[in-house]
Amino acid sequence: MNDNYYMDDLINSLEKDIVMERYFPLIPYKEELTNIMNKAGAVRKDQISDAVIEDIRMMLGDDISRLFARFIHIYDFNKSKLREIKGCLGTKDYDSLSALLRLPGVRCLRAELYFGSGVTLEVLAEKSTEDIRNMVGDYIKRENRSEIIPQPKEVNCHRAVAKMILHTDQR
């Protein structure tokens, strides 16, 4: 599983309706961060060297450089989540569930809800936030489940990361 995201995708995810509040201070610096990445030739996350972080520190200050150094790992995949799959639906649907577990904050229950609703990474990347929420809501009603529909910000984040994953995996 590749989480070596393209930097333009990662920086574009810096939106209030997508990213966690602790990263909001980076939002006004999106253009500057993009310029620094382009100047350094850092197309993918693994190309962010100490020198690039130092350039950010010199141009934008210590606080922004430290925050950005943490931010580039915000969507890194934690392989320990794969152990949860057996507790979800079993290994029959391993590929689908493991793909959904790559999304930040998605644990077994949310992966199962998405999976049962027909929501895949591709669906997340293509459909609107409201379409996704409706799909999950319809599934919850149809199956008489007690879970709640994901909040718009959660779905927005999952949509952004799904696009990053698909973009990274296709190249």
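The values are calculated or read from the model by the stated rules, or taken from the named source; none is laboratory data. Quick caveat, the model's predicted, so the values are computed rather than measured. No Cβ is skipped: glycine too gets one built from the backbone with ideal geometry, and neighbour counts run over all protein chains shown.
Points to keep in mind about this one:
- Restricting the first member to the stretch 134-147 and to residues that are touching a residue at least 12 places away in the same chain (Cβ under 8 Å), and the second to residues that are surrounded by 15 or more Cβ atoms within 10 Å (Cβ to Cβ) and small (G, A, S), the beta-carbon pairs closer than 6 Å and six or more apart or on different chains are M135/S117; V136/S117; Y139/G116; Y139/S117.
- Candidate set: the stretch 44-63, residues that are outside any helix (DSSP H, G or I) and under 24 Å from the mean Cα position of the chain (by Cα); chosen: the one farthest from D9 (Cα to Cα): S49
- Among all residues of the stretch 73-80, there is none that is surrounded by fewer than 17 Cβ atoms within 10 Å (Cβ to Cβ), hydroxyl-bearing (S, T, Y) and modelled with pLDDT of 95 or more.
- Of the helices (runs of 4 or more DSSP H) lying entirely inside the stretch 103-171, not one contains at least 2 residues that are over 18 Å from the mean Cα position of the chain (by Cα), under 16 Å from D17 (Cα atoms) and at pLDDT 95 or above.
- Among the residues of the stretch 47-69, those that are closer than 23 Å to T168 by Cβ and surrounded by 12 or more Cβ atoms within 10 Å (Cβ to Cβ) comprise Q47, I48, V52, I53, I56, L67, F68, A69.
- Within the stretch 112-133, the set of residues being closer than 26 Å to I74 by Cβ, in contact (Cβ under 8 Å) with a residue 24 or more places away in the chain and among the small types (G, A, S) comprises A125 only.
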